[in-house]
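Beneath this line is the structure, given in structure tokens, with notes to follow.
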Amino acid sequence: MRWLISSLVSSFSAIAMLYISWEFLGIPSIGVVFSDPRSLVSLYISILVPFLVLGYMLTHDLDARYKVISQDLKRLRSLVDAYQVVLNNINREVEDLKRSVESQYMQSINRSISSLEKRVSASEKLLSTIIELISSGK
């Protein structure tokens, strides 16, 4: 229905532009159209029909694009959710490893945990960036 309203407004503005052209520029061929109501109606219809067709085609195309983008965003959100679950599991494993290291006092395992924490931290930063991109895309 949006395409109908925009087409009507576009047609009215086209007629107004032609009227202003006739009134201020003095184009005689347009003056004949404005003096006869039948000619004015046929002019309006000849302008309205192409605008209706164009508006309908563009609205359908925009709706299809909107649906595709919405589906892509849903897929991306589900991917982010899955990624967040994986990160939570990694964090739990890191905490378990920390507890085991604290009980055993092994330096080599501490270094491994530190490396793993850095990777988790980098992954969390990446996840937050993805979430910001999604939220800014709305």
Using alpha carbon centers only, segment 107-124 is separated from segment 42-97 by a whole-angstrom value of 36 Å
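What FRET efficiency, computed as 1/(1 + (r/R0)^6) with R0 = 22 Å and r the Cβ-Cβ distance, is obtained for residue 58 and residue 16, rounded to the nearest 0.05? Each step should come with its number before you reach the end.
Numbers: r = 22 Å, r/R0 = 1.01.
Efficiency computed from Cβ-Cβ geometry: 0.50.
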Highest first, please rank the peptides 64-76, 39-51, 115-127 by the mean number of other Cβ atoms sitting within 10 Å of their residues. 39-51, 115-127, 64-76
What residues of segment 78-95 lie in the reach of a label at residue 119, counting those whose backbone N is under 19 Å from a point 7 Å from the Cα along Cα→Cβ? 82-95
With residue 97 itself left out, Lys, Arg at +1 and Asp, Glu at -1 over residues whose Cβ is under 12 Å from its Cβ give -1
Check the straight Cα-Cα distances from residue 98 and name the aspartates and glutamates below 16 Å, setting aside those fewer than 8 residues away within the same chain. 117
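Bear in mind these aren't lab numbers, they're just calculated from the coordinates by the rules spelled out. Here the structure is a predicted model, which means the values were calculated and not measured. Positions of Cβ are generated from backbone atoms using ideal geometry, with glycine treated the same way; all protein chains shown enter the neighbour counts.
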